[in-house]
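A short write-up of the structure that comes next.
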Amino acid sequence: MSWINRLRGSLRKNRLEDHLHDELQFHIEMRMQEFVAAGMKPEEAGYRARRLFGNPLLLKERTREMDTISSPLGTIAGDGKIAVPDKPGLGIDLDLDVAYLYRKPGEKFFD
């Protein structure tokens, strides 16, 4: 029975990989369409969209590392305590390339 379970797991993994690839491609294409609608050439829009998304292999690896099926209780450690970061903050980084794309003409950041 063990080889059957391995086969099922392999097939399931292939479906998940295909779904992940399709999902990333969808988001890149949507961003490309936004850039083209804003007046960019299609080649430049494709380059910029892929650049903004970053390394697709790294994105896939990070997505695999996440436990997308876990419940909100998945962050509780084995002893029943919730891990709290040492530093305050929301853990949000500002992508200046994206911010500059969507700013109004003449608008300044960090006055």
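Taken together, the values in this text are just the output of simple stated rules run on the coordinates, not laboratory data. In this text the structure is predicted, and so the values were computed from the model without any measurement. Quick reminder, even Gly has a Cβ in these numbers, built from the backbone with ideal geometry, and neighbours come from all protein chains shown.
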Task: Förster-model FRET efficiency, 35 Å R0, Arg51 and Leu16, C-beta, rounded to 0.05 - done: 0.85
Open item on the list: Along the Cα→Cβ direction, 7 angstrom out, place labels at Ile28 and Asp86. What is the inter-label distance in nm?
Closed with: 3.7
- [ ] Along Cα→Cβ, 7 Å out, is where each label goes; now give me the distance between the ones at Leu58 and Ala37 in nm to one decimal.
- [x] 2.9
